[in-house]
Every structure is written in C-alpha cells, then in structure tokens.
Amino acid sequence: MKNVLITGITGYIGGTVAKKLLEKNYKVTGLVRNDAHIKELKSLGIESIIGNIHDEEILRSAIADTDAIIHTADSADDAYAADSIISALEGTGKTLIFTSGSAIFGGKENGEKNDFAYTEDFPLSPRLEMASRVLINQYVLQSAKKDIRSIVIVPTMVYGKGLGLKKDSIQVPALIHFSKEKGFGVYFGKGENIWSNLHIEDLADLYVLALEKAKAGSLYYAENGSSTIKNIAENISRQYDLQPAQSVSIQEAVNTFGPAGGYFGFASNSVCSSDKARTELGWNPQYQSIENFI
C-alpha cells in the first residue's frame with residue numbers, strides 16, 4: 001500500500017484528494033500547522049504530522065516515510081515551499097504532484113471576453129503579476145531531471161462540495177457572499193470574461209490518476225466546461241432571489257478581493273483544454289454544469 005503525504009490536507013482540494021485516496025486503500029498522512037484538526041483527521045483515517053512547510057527538517061523527515069507528496073497547500077506562488085520540497089525529494093525517484101492555478105492564463109482583460117483556450121504545449125507568456133507562478137511550475141517540472149517524478153496540475157474554477165474538512169471552494173462562494181451583500185448577482189465590467197471550471201470530485205479523481213499513471217515532468221490543465229462571470233452572477237441572482245445581476249467596477253473588485261482576486265480571479269479570462277489529461281490518463285469527468293451547484 002502506497003503512503004501519500006498531503007500538504008493542505010485540511011483544505012478544500014487536499015481534503016477531497018485524501019478521501020479519494022483512502023477509498024482506494026492508500027495510506028494518507030497530512031502535514032498540518034497545529035493540532036487543531038488532528039482528531040477530526042484521525043476519525044477520517046488520516047495520520048497527521050505537525051509542522052510548517054518551511055521547516056525543512058520536518059519536511060525531510062515526513063518525505064522519508066512516504067512514497068509520494070501531493071502539495072495542495074495555498075501556496076502556488078510560494079517558491080520557498082516548492083524549492084524545499086524539491087530539495088528533500090532530489091534523487092529519491094518519489095512522486096511530487098504540485099498544485100498551481102489557472103489565473104496564469106489571465107490577461108487582465110477587466111471583464112472583456114477572450115475565449116482563447118490554452119493547451120499544455122502552448123508556450124505561456126504570462127503577465128508580470130503571474131510570472132512567478134509560471135516559473136515555479138517550470139521549476140517543478142524540470143525537477144524530473146533530479147530523479148523526481150514531478151507532475152503539475154492546474155485547476156480552473158473549482159465548484160461543488162468538498163469531501164474533507166473544508167466543504168467550500170473559494171471563487172463561487174466569495175462571489176455569492178459579495179452578491180448577497182450588494183443585493184444582486186455581481187459581475188465586473190462587462191462580465192463577458194470566461195473561466196473554465198470543474199467539479200471538486202472530478203479534480204480529485206485527476207490527482208489519483210496522475211499519481212497512478214503520469215510520467216515524470218507532466219503538466220495537466222483541469223477543466224470540464226466554462227462560463228462567463230456574468231452568467232454565474234445571473235445564476236446567483238436567480239438561486240438566491242436577489243435583484244437582477246449588475247455590473248460593478250473593476251476597482252470595487254480590487255477593493256473587495258485584493259489585486260490578484262479582483263483583476264485575475266474575477267475580471268480576467270482563464271480558458272484551457274484538458275484533452276491531454278483525458279487522452280493520457282483516461283480521465284473522464286462526470287459533472288458538467290457549474291450552474292447546478294450555485
């Protein structure tokens with residue numbers, strides 16, 4: 001039985017991936033920052049190691065006892081964490097699955113539409129704000145040359161109920177909360193910008209398939225459908241009996257969600273194709289409509 005270490009195990013993606021792995025009889029251990037959730041994780045069949053991702057001694061010790069590490073902690077932009085994990089894995093032949101994010105496709109379009117769909121073989125020229133994330137992804141993939149079975153997964157807008165301790169995603173619940181405050185479904189600028197999306201369980205299935213089948217140095221974009229932010233806002237208005245959806249300024253998005261959330265999380269386009277994951281790994285996502293989960 002393979003032993004898998006998951007960072008971010010109390011989070012939305014990490015917890016759901018853990019549940020899927022347990023269902024397939026993997027042994028799962030979580031790296032947790034404190035002992036607040038140890039009992040809850042234990043009840044799910046998950047062992048815990050208390051430590052910080054930036055404590056290299058704890059990281060090395062944890063990795064020594066595992067066959068693979070799945071990094072889902074909220075640190076797609078944390079070069080220090082990426083480097084520490086790779087340093088600990090170098091020369092072991094063990095697996096690293098690293099979680100990125102599809103804001104790397106964003107062009108800061110401020111609500112304007114751009115439906116170009118990125119594929120893994122299309123070279124990225126990211127905006128300055130997302131350049132570090134792309135460099136980190138490349139660094140992880142290149143670690144395959146250091147005898148690490150490195151894999152990067154790039155989720156798009158994730159929706160649905162998580163199977164672990166954290167049940168809710170980030171983007172859609174944040175937009176729902178903001179819309180309830182305003183009294184209407186909110187989009188930004190024209191709201192014609194498009195985001196690819198997928199259900200959390202389909203995403204977790206992809207992690208399991210990547211763990212079992214992916215080659216070293218593999219990159220996978222994860223999506224199963226897409227929607228404009230305006231369409232999501234209109235659905236929020238209907239589902240929560242709010243006033244008809246309305247536009248607010250990009251500046252208000254930035255003020256509310258910060259620059260990264262405002263410009264890239266809600267006002268840029270993030271469109272890609274996951275044909276590679278379907279073809280190489282036999283991934284077959286089951287959920288197709290983000291609207292049904294608002």
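Taking the Cα centre as origin and putting +1 on Lys and Arg beta-carbons and -1 on Asp and Glu beta-carbons, what dipole magnitude results for the stretch 139-248, to the nearest 20 debye? Write down the numbers at each step before the final one.
Details: 13 positive and 11 negative charges, 58 e Å.
Here the size comes out at about 280 debye.
Label separation (residue 161 vs residue 278): 2.8 nm, computed from points 7 Å beyond Cα along the C-beta direction.
Note on the chain: antiparallel DSSP beta bridges, both residues inside, total approximately 10 percent of the bridges counted. Electrostatic tally near residue 62: other residues with Cβ closer than 11 Å to its Cβ, Lys and Arg +1, Asp and Glu -1, net -4.
Of the residues 177, 71, the one with the largest accessible area comes first in the ranking 177, 71, computed with a 1.4 Å probe on protein heavy atoms.
Computed from Cα positions, the angle between helix 128-142 and the longest principal axis of the chain comes to roughly 30 degrees.
Which of rounded, prolate or oblate describes the stretch 1-122 when judged by the alpha-carbon gyration tensor and an a/c cut-off of 1.5?
Working: a/c = 1.93, a/b = 1.65, b/c = 1.17.
In terms of gyration-tensor shape, prolate.
Working note: Karplus 6.51/-1.76/1.60 with θ = phi - 60° gives the stretch 75-86 the couplings 8, 4, 9, 8, 5, 5, 5, 4, 5, 5, 5, 5 Hz, where Gly and Pro are set to x.
Taking trypsin sites (Lys or Arg not before Pro) across the stretch 175-274, the ones in a DSSP loop with at most 13 further Cβ atoms lying within 10 angstrom of their Cβ are 215. Between 0 and 90 degrees, the angle of helix 200-213 with respect to the longest Cα principal axis of the chain falls at about 30 degrees.
Give the separation of the Cα centroids, the stretch 68-103 to the stretch 169-228, in Å. That distance is 21 Å.
So what's the gap between the Cα centers of the stretch 245-294 and the stretch 16-39, to the nearest angstrom? After rounding, the separation between the Cα centres reads 27 Å. Shape of the stretch 233-294 from the C-alpha gyration tensor: oblate (a/c of 1.5 or more and a/b not above b/c, with a ≥ b ≥ c the square roots of its eigenvalues).
Note on residue 223: accessible area approximately 20 square angstrom, rounded to 10, probe 1.4 Å, nucleic acids and ligands left out. Between residue 112 and residue 52, the modelled labels are 4.3 nm apart [label points 7 Å from Cα along Cα→Cβ]. By a 1.4 Å probe calculation restricted to protein chains, residue 10 has an accessible surface near 50 Å², given to the nearest 10.
Relative contact order, percent, of the chain when contacts are C-alpha pairs under 8 Å separated by at least 6 residues?
Relative contact order for the chain comes out at 21 percent.
Pairs of Cα atoms nearer than 8 Å and 6+ residues apart set the relative contact order; for the stretch 28-102 it is 27 percent.
The values are calculated or read from the model by the stated rules, or taken from the named source; none is laboratory data. Computed from a predicted structure; not experimentally measured. We place every Cβ from the backbone using ideal geometry, glycine too, and count neighbours over all the protein chains shown. The area values use the complete protein model at the heavy-atom level, side chains included, leaving out ligands, DNA and RNA. Shrake-Rupley method; radii C 1.70, N 1.55, O 1.52, S 1.80 Å.
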